1. Please average, across the residues of A:565-572, the number of beta carbons from any other chain that are within 10 Å of each residue's own beta carbon, and give a whole number.
2. How far is it, in nm, from the label point at A:Leu143 to the one at A:Arg40 when both lie 7 Å from their Cα along the line to the Cβ?
3. Select from segment A:523-556 all residues whose loss of accessible area on going from the chain by itself to the full protein assembly reaches 40 Å² or more (probe 1.4 Å).
4. Nearest 0.05, what FRET efficiency do B:Lys96 and A:Arg773 give at R0 = 41 Å with Cβ-Cβ as r?
5. What's log10 of I(q)/I(0) for segment A:68-183 at q = 0.15, 0.23 Å⁻¹, Debye sum over Cα points only, no solvent?
6. Would you please give the FRET efficiency between A:Arg588 and A:Ser460, computed as 1/(1 + (r/R0)^6) with r the Cβ-Cβ distance and R0 = 56 Å, to the nearest 0.05?
7. Mind jotting down the distance between the C-alpha centroids of segment A:717-734 and segment B:13-34, whole Å?
8. Spelling out what I want: for every residue of segment A:685-695, take phi, set θ = phi - 60°, compute 6.51 cos²θ - 1.76 cosθ + 1.60 (Karplus), and round to whole Hz; glycine and proline get x.
Amino acid sequence: MNAATGFHGATQMKERLVVIGNGMAGCRAVEEVLARDPDRFAVTIFGAEPRVNYNRIMLSPVLAGEKTFDEIVINGPDWYAGNGVTLVSGDPVVAIDTLTRTVTARSGHVEPYDKLLIATGSDPFIIPVPGNSLPGVVTFRDLDDVDKMLSAAEQGGDAVVIGGGLLGLEAAHGLSLRGMKVTVVHLMPTLMERQLDEAAGWLLRQELERRGQTILTGANTKAILEADGRVAGVELEDGTRLHADIVVMAVGIRPATALAKAAGLAVERGILVDDHMVTSDPNVLAVGECVQHRGACYGLVAPLWDMCRSLAGYLTDAPQGYEGSATSTKLKVSGIDLFSAGDFSGGDGAQDIVMRDAARGVYKRVVLRDNKVVGAVLYGDTADGNWYFDLLKKGEDVSPIREALIFGQAFASGGALSDPNAAVAALPDDAEICGCNGVSKGQVVGCINAGAHSLDAVRSQCKASASCGSCTGLVEKLLAITLGGEVESGPKPMCKCTSFTHDDVRRNVVDKGLKAIPQVMQELHWTTPDGCSSCRPALNYYLLCAWPGEYVDDQQSRFVNERLHANIQKDGTYSVVPRMWGGLTNPRELRAIADVVEKYNAPMVKVTGGQRLDIFGIRKEDLPAVWADLNAAGMVSGHAYGKSLRTVKTCVGSEWCRFGTQDSTGLGVKIERMTWGSWMPHKFKIAVSGCPRNCAEATIKDFGVVCVDSGYELHIGGNGGIHVRATDLLTKVATEEEAMTMCAAFIQLYREDAHYLERTAPWVERKGVDWVRAQLLDDPDAVGRLARRFHYSQRFSQDDPWAARAAGERRDLHAHLAEVRPLQLENA
Amino acid sequence: MMLTGKWLDIGPTTQIEPGTARTLPVAGGEEIAVFHTMRGEFYALVNKCPHKAGPLSQGIVHGDTVSCPLHNWRISLRTGEAQGDDKGCTPTIPLKVDGGRLFLLRDAVMAGVVA
Ligand code: SRM
Ligand SMILES: Cc1cc2nc3c(=O)[nH]c(=O)nc-3n(C[C@H](O)[C@H](O)[C@H](O)COP(=O)(O)OP(=O)(O)OC[C@H]3O[C@@H](n4cnc5c(N)ncnc54)[C@H](O)[C@@H]3O)c2cc1C
Ligand code: SF4
Ligand code: FES
C-alpha cells in the first residue's frame, strides 16, 4: 500500500471508500454517508482542482463581484480533518482497476478501495471550430476559469460569449459588470431555449440589450480568429466578424465519463447507474452530473442531492432508491426574475394558461396536461415559482383551482374553489381589479350594473382592463358573475390567442411602436406563449406593413408557398409561374420556359387564367436551378403563391385593337412594374381593359382600369372566385400618371386598413364604398401621402426572391440532408 | 455519412434551422423528414401525411406538431398521430442527438426497404 495515504487513526477494520471528484456531488455524498454512519468508512477524496470543496453554482456571483471565493467554500480544511476524511487535491485519478480494486492518480499514488464512488461531474463542451484552443478562449466551469476571466476583464475591451444558455448569460452578466463590452452569440432563435419559451426569451433579451449587451441569435460560430498567437475575434457562419479580447465558450456540458469508460464500466451518455447509484460493477458507484439514470443526465444541483441521499442509504444498509428528479431553473443575474420548471414544449394534449402584464413586464405561463401542472415559465414575477414547482412534483389534480391558478397561490387558495368564479366572487368590493387604472371590484360591478354588458363597454366606461389588459380575465369573470348568461360579445377577436380585434392590433402596432411579434404578444397580453398558425402570419404582415425596411420578415410565420416562393401541389412537387409583365412575352422567355420544361422533365405547362405560363411538377431540390435558368432569360417570380400582387391582366388595346381607346397593354405593364413584389393582406389582382368591352375583365379585379376616350375609369373591390362581385367605380382620371398614383394610393389604403386574409371585395363591403372614396378623394393630399408610403415600402420589397435563392441563399430549404443507400451499405 | 452500427450519423444539428425540417431520401424506402422545433427538439418521421401523403417536411412547425401543407392536418412529431378529430398515424423514427450530431435508428430507417 502507498505509504502516503494516512487514515487519520482509522483502523483497518473500516471499509475503504474512495471518492473521485471533490465537487458538489462527491462531497455531499460523503456528508450524507457520515450523517448516517460516521464510523463505517475510511474516506479518501481525490480532487483534480487544487482546493477544498466549494459551491460551484456561486462562481457566477464571484465573477460578478458579488461574492468572494471564501464565501462560497462549503467544506473548509477543518471539515476534512474533523471527519477523518483524507483529501488528495490537485492530483486527478488517471486509472481505475476494478480487478485489483485500486485507483491510480497522476502523481503515481495508488489507493485501494472497497467501495469506489465516481463523482467527476462534467466537462464543458468545446465546439469543433478552428482556433478553439487559442489562448484567451476559456470555458466556465471552475475557479481557474473565473480567474482567467477576471484577469482579462482587468484590461477591459471586448468579450464574446458563445452560448446563450444559463452559464453563458451568467458569464456575460459578470463580464459586463466588470466593465467589458459583451456580445452573446447564440445558435438558437431564443435565449435559454431549454428553459424558456419564445415569449420569456424575448423579454430577457430586451432587458439584456437595455443593459448594453449585444445579443446575436440564430448565429452559428464558424471560427475563432487569431492575432499574435492569441484570440482576436469570432467569425460567424454568415461572415460577420466580431472583435474579442476574450472568448467564453459556454455551449453545454458533457458528462465526464472517460475514466469510467476506460475501466470497462457501462457508459452511454453518462455512466449508467441503477436506482441506488450502483454502476455495472457492484463495488463502483457514481453520482452527480457524470451519471445517466433511467435515461436522464442532469446539469443542475437539485437532482444531485436526491442521488446522494439514496446512495448514502444504500451504502449504510438502508436503501431507499432514487426515482429521478424534476428540475427547475433560476437565472442568477441580479435584477432579472426568471423561473422555469418542467416540460413546457406544449403539444399533445397540453394546455397553456398565460398571463401577461405589459406595464410590469410580467409574463407567466403554466402548462397543464391531464389537469396536472407539467411545466411553468415565469418572467418578471417569480414569487409563485416554488408553488407551481411543488404542484408539478406532487402531480396534483389542479382542476378545482384551475381558473385562479395563474394568479398565484395567494389568490388560488383564497376561497371555496369548486366554482371557478368563486375566487372572484369572494373578493371584497374594494379589491383592486385593474392595477393600471386603479379600478376596484365594486366600481367594475357598478359599471356593469349601470349597463356595460360587454368587455368593451366596461373598458370604455370605467377603464378597467383598458390599458395593459392583464385583468381582462377578471373583468370577464365579473361580467359572468354579475350578468349570468347575458354577456354581450363585442367585435370578434383576431383569434383565440387574444381578446383584441384585428383593428385593435393594427392600431396598437402603430401607436405603441411595436416592432416584433413577441413584443406585440406581450404588450397585447396574448393568452398563448407564441401564438397560432392563424395570428402569426397576420402579425408578420401587420409589422411588415407598418415598418417597411425595418421589420425583418419572420419566415417561420409563413405558409410553405411563401417560404419556398412556389405553389405546393398535391404530390408534394411545386409549380413555377414566372412573371410575364402585363401578359406580354417574347421568344427569349418562351425559349427559357421550354428549356426548363425539357431539362427538368416538367409533366405539364399551362396558360393560366392570369395570362402567363405555369410550369408544373418541379421538385423542391430543383427549384433554385429552375429559377436560375429563368432569371438568366430576365424573368422574375410571379408571386403566384403569395398574399401579394399577383397579375396585371391586359388586353391588346389601342396599339392593335380597332376599338381600343388607350394603350391598355402599356399601362398594364407600367402598373405591374410599380406594384410587383408588394405584400398584401390577401392576393391582389389588377387588370386594364382598352375599352368598355372589357376583355381583361377589369370589373372583377381588386383594382381595374377601363380605358375610355376621355381617360381612365378606376374600379375597385371586384372579385371572381367564390362570390363574384363586380367592382365599384372609384373615380375617373384623365392621365396615366393619375391612374397610377390612384392605384398606388388605393393599394396602400387597403394594405394599411384591411384585416389579414380579407380581400378587397369583402373589405370594401365592410367599410363601405363611400368610406373608401372619402379616404382617397376628400383631402386633396391624401392620395399623394398614401402613394408615397406605398412607393417607400416598395423600395424594400421589389427584389426577386428567386434570384437570391438561385444564388445560393437558404440552400437548406431546398437540399436534402443526405441520401441513404442501403444496398451499398449491405455490401460494405 | 456513416452507415455502420446501430445508429446512422446524419450530420450536425446546425443543418436544420429551428422551426423547419429537412429531408432524407432512402433508396428503395420511404423519405424521412427530420424536424427541429422552435424549442430546440429534434424528431424524425416518414415524410408522408397519413391523410393524402402530403410532405410533412414542408409544413409550419408549431410546438411539437407540424401542420401538413396540403390540407392542414396537425401531426404530432412525438407520436406521428394526427391531432384533433383527424385519424391516422405516420411512422416515427427514433432519433438521438450526441455531441452536436444527429443519429437515426438504422433499423427504423431501413424499415421500408425491400432487400
Ligand atoms: C393557375 C391558376 C389556374 C389556371 O390554370 O389558370 C390558378 C390556380 C390556383 N388558384 Fe386561382 N388560379 C388562377 C387564376 C384565378 C382567377 C382568374 C384571374 O386571376 O383572373 C381567379 C378568379 C379571380 C379572383 O381571384 O378574383 C381565381 C380564383 C381563385 C380563388 C378564389 C378567390 C376568391 O376570392 O374567392 C382561390 C382560393 C383562394 O385564394 O383562397 C384560388 C386559388 C388557387 C390556387 C392557389 C389553389 C391553391 O391554394 O393551391 C391554385 C394554385 C395553382 C398553382 O399551384 O399554380 N384561385 N384564380 C390561375 C393562376 C393565375 C396566375 O397566373 O397567377
Ligand atoms: C458557473 C456555474 C453556475 C451554475 N449555476 C447553477 C445553478 O444556478 N443552479 C444549479 O442547479 N446548478 C448550477 N450549476 C451546475 C452545478 O454546479 C452542477 O450541477 C454541480 O456542480 C454538479 O456537481 P458534480 O459533483 O456532479 O460535478 P462538479 O461540481 O463539477 O464536481 C466534479 C469534480 O470532480 C473533479 N474531477 C473530475 N475528474 C476527476 C478526476 N479524474 N480525478 C479527480 N477529480 C476529478 C472536477 O475537477 C470537479 O471538481 C452551475 C454550474 C456552473 C459551472
Ligand atoms: S374589346 Fe376593347 S379592349 Fe378588348 S381588345 Fe377589343 S377594343 Fe381592345
Ligand atoms: S395530405 Fe396532409 S392534410 Fe391532406
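1. Mean shielding count: 4.
2. 3.1
3. Residues of segment A:523-556 that lose at least 40 Å² of accessible area once the other chains are added: A:Ser533, A:Gln556.
4. My answer for the efficiency is 0.05.
5. Calculated log10 I(q)/I(0) at the listed q: -0.90, -1.32.
6. Result of the calculation: an efficiency of 0.35.
7. 46
8. 10, 10, 8, 10, 9, x, 7, x, 5, 6, 4
The values are calculated or read from the model by the stated rules, or taken from the named source; none is laboratory data. Since the model is a prediction, treat every value here as computed from it, not as a measurement. Cβ: placed from backbone, ideal geometry, glycine included. Neighbour counts: every protein chain shown. Quick note on the areas: whole protein, heavy atoms, side chains included, nothing else; ligands and nucleic acids left out. Shrake-Rupley method; radii C 1.70, N 1.55, O 1.52, S 1.80 Å.
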